[in-house]
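Below: the structure, in structure tokens.
The values are calculated or read from the model by the stated rules, or taken from the named source; none is laboratory data. Please read all numbers here as calculations on a predicted model, not as lab measurements. Note that each Cβ is placed from the backbone with ideal geometry, even for glycine, and that neighbours are counted across all protein chains shown. Surface areas here come from the heavy atoms of the whole protein model, side chains and all, with no ligands, DNA or RNA. Shrake-Rupley method; radii C 1.70, N 1.55, O 1.52, S 1.80 Å.
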Amino acid sequence: MGRVVVGVAVSVAVVACIVAAGVVGRRVQNRGKWRRVVRVLKELEEDCETSVGRLKQVVDAMAVEMHAGLASEGGSKLKMLLTFVDNLPDGKEIGTHYALHLGGTNFRVLSVQLEGNRSSILEHDVERLPIPQHLMTSTGNDLFDFIASSLKEFIDKGNDSEVLLGGRRDLGFTFSFPTKQTSISSGVLIKWTKGFSIEDMVGRDVTESLQQALNRKGLNIRVTALINDTVGTLALGHYQDADTVAAVIIGTGTNACYLERTDAIIKCQGLHTTSGFMVVNMEWGNFWSSHLPRTSYDIDLDFDSPNPNDQGFEKMISGMYLGDIVRRVILQMSRESDIFGSGSSRLSMAFVLTTPLMAEMHEDESPDLREVARILRDTLGILEVPLKARKLVVRICNTVTRRAARLVAAGILGILKKMGRDGTGGIAGVRSRSAVNMKRTVVAVDGGLYTNYTMFREYLLEALTEILGEDNAKHVILRVTEDGSGIGAALLAASHSSN
């Protein structure tokens, strides 16, 4: 009997040891999985590092590439396109002016009444209209006749007596498609994007096509400015504040333009403007430098994109891509560990995690990060994520956003450095001894990434101060300037009107 008891005790002890060993084994295994996941995050944070020293290298690289793009066609990945806008609104404009903005599947019609006092816009009417699907693949005449008819109806509703009685008005046209500008009021369509495919328009002057449609509708309206939304943002910013010298769009896509001396545009020798300046459209989304902190996720995203080796800067900083970078990091973590469940097919879908959703996760302030859990569940199909894993996701969002915002800050300061307005005296200059030499400099900013994403905006402004130093940073003002693509176009129509 005693032997039986001893045997049972030994068996129980053996089973207990086995169970304990299993528990310990699982803990060790789980700790190993957790370490692998944390290692993915640590590597991301290291690869995305944007020290002040590195950012200053990006500032210098941007200024140098700008100079190269102005020196010769193809001299830089920055196209540095001439806009022929040499006369920004100064606040003296008066009268009623119109604008059209064709930027995608919708277009807008606007009228702006000006009374000649800076920042005083008497009236601003807007109407947003959809482009019928069939017109996106029809003919140029069909598309522009529809736009001209819509403008005529808009004018009729507004009772503009000047036009109704045969008087003339000026119009600014914001055309958000690749165009080779040939003058302030003309440009040839290079190619369609955003679902448009009207073959007879490629290679044709878009202003001429719109003007002919306006004439066919009996409208005595002259197209006096053809622009993109970045140039319109600069125009509106300068109208509101004469110290505005550059504009940046930071939204789904990104671009920048600025006011350049005509004698610095070497690739167009003999170029003359009465003002001595011209707005240059940088197309800065294509900027590239070895100093940019690129990760394996950026490389994979670029490879999988429809335009590999193109728009490298845009793919690191704009709203189109930030959410997908975060998704790719989470996907890598799920491959390293089952901390995000057994795997989700939705997690493998490109662009399923949008940047607005990423921003919601990043700015989730609830104790249990319930918004993070909801988005992981509803958008990525990842269920029952533990709190410590949700905290990792927030850190991923923070790392990707912080890098993007700080790179935008460096890009902006690269523009100011090229202009000699960053306190260093330009590309070859020496940093000034005091901020006395710094001119008050305003940069007009638009785009949802900046206006709607608080953490992005805070990181950008923080980086500006870090790079410039507190004294110099006081002289650089980023001003939200919304609807430059509309109001700005009307203002440019006014400022380039010969009446």
Residues to consider are G166, G104; find the one that is assigned to a loop (DSSP other than H, G, I, E, B) and either modelled with pLDDT of 85 or more or surrounded by fewer than 12 Cβ atoms within 10 Å (Cβ to Cβ) (or both). G166
Given the conditions (1) in a strand (DSSP E or B); (2) open to solvent by 30 Å² or more (accessible area, probe 1.4 Å); (3) among the β-branched types (V, I, T), which single one is not true for V280? (2)
Evaluation of D324 against (1) among the charged types (D, E, K, R); (2) out of contact with any Ser or Thr (no Cβ under 9 Å at 6 or more places or on another chain); (3) under 23 Å from L449 (Cβ atoms) (one fails), failing number: (2)
List, please: which pairs have Cβ atoms under 8 Å, are six or more places apart or on different chains, and start with a residue in the stretch 327-349 that is within 19 Å of R31 (Cβ to Cβ) and at pLDDT below 90 and end with one that is open to solvent by less than 10 Å² (accessible area, probe 1.4 Å) and not β-branched (V, I, T)? I339/M333; I339/A389; F340/M333; F340/L347; F340/L376; F340/A389
From the option list L189, L210, L219, single residue qualifying as in contact (Cβ under 8 Å) with a residue 24 or more places away in the chain and open to solvent by less than 10 Å² (accessible area, probe 1.4 Å) is L210
Among residues belonging to the stretch 80-135 that are basic (K, R) and over 18 Å from F175 (Cβ atoms), point out the one that is nearest to the chain's Cα centre (by Cα). R118
Got at least one residue in the stretch 239-260 being in a loop (DSSP other than H, G, I, E, B), at positive phi and surrounded by fewer than 24 Cβ atoms within 10 Å (Cβ to Cβ)? no
Residue tally, condition modelled with pLDDT of 95 or more and open to solvent by 30 Å² or more (accessible area, probe 1.4 Å), over the stretch 453-473: 9
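Hey, does the stretch 144-158 have a residue that's open to solvent by 20 Å² or more (accessible area, probe 1.4 Å), part of a loop (DSSP other than H, G, I, E, B) and either modelled with pLDDT of 90 or more or under 25 Å from I94 (Cα atoms) (or both)?
The answer is no; no qualifying residue exists.
So that you can scan it fast, the table gives a plain yes or no per residue for (1) under 17 Å from the mean Cα position of the chain (by Cα); (2) open to solvent by 30 Å² or more (accessible area, probe 1.4 Å); (3) hydroxyl-bearing (S, T, Y); (4) at negative phi:
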position	(1), (2), (3), (4)
S296	no, yes, yes, yes
D300	no, yes, no, yes
P306	no, yes, no, yes
G312	yes, no, no, yes
G323	yes, no, no, yes
L331	no, no, no, yes
E336	no, yes, no, yes
A350	no, yes, no, yes
T355	yes, no, yes, yes
Residue pairs within 6 Å by beta carbon, gap of at least six or interchain, first lying in the stretch 37-63 and in a loop (DSSP other than H, G, I, E, B), second surrounded by fewer than 16 Cβ atoms within 10 Å (Cβ to Cβ), listed first then second, are none
When every residue in the stretch 192-206 that is part of a helix (DSSP H, G or I) and open to solvent by less than 10 Å² (accessible area, probe 1.4 Å) is compared, the one nearest to F107 (Cα to Cα) is V206
Quick check on this structure: which one of F146, F175 is aromatic (F, W, Y) and within 27 Å of T254 (Cα to Cα)? F175
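Condition (residue is within 20 Å of M320 (Cα to Cα) and in contact (Cβ under 8 Å) with a residue 24 or more places away in the chain) applied to the stretch 415-424: is it met by at least one residue? Steps first, answer last, please.
Let us first name the residues in the stretch 415-424 that are within 20 Å of M320 (Cα to Cα), namely none.
Checked the stretch 415-424: no residue is within 20 Å of M320 (Cα to Cα) and in contact (Cβ under 8 Å) with a residue 24 or more places away in the chain.
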Test for A235: is it assigned to a strand (DSSP E or B), in contact with a Leu (Cβ under 7 Å, 6 or more places away or on another chain), small (G, A, S) and open to solvent by less than 30 Å² (accessible area, probe 1.4 Å): no
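How many residues are among the small types (G, A, S) and either in contact with a Leu (Cβ under 8 Å, 6 or more places away or on another chain) or within 15 Å of A99 (Cα to Cα) (or both) if we restrict to the stretch 214-232?
2
Residue-wise test of (1) part of a helix (DSSP H, G or I); (2) of a type in the set (V, I, T); (3) touching a Lys or Arg at 6+ places or on another chain (Cβ under 6 Å).
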residue	(1), (2), (3)
F351	no, no, no
E365	no, no, no
V394	yes, yes, no
C397	yes, no, no
Answer from V126, V38 - the residue that is in contact with a strand residue (DSSP E or B) (Cβ under 9 Å, 6 or more places away or on another chain), farther than 30 Å from E470 by Cβ and of a type outside the set (G, A, S): V126
Among the residues of the stretch 175-185, count how many are open to solvent by less than 20 Å² (accessible area, probe 1.4 Å) and over 19 Å from S149 (Cβ atoms). 1
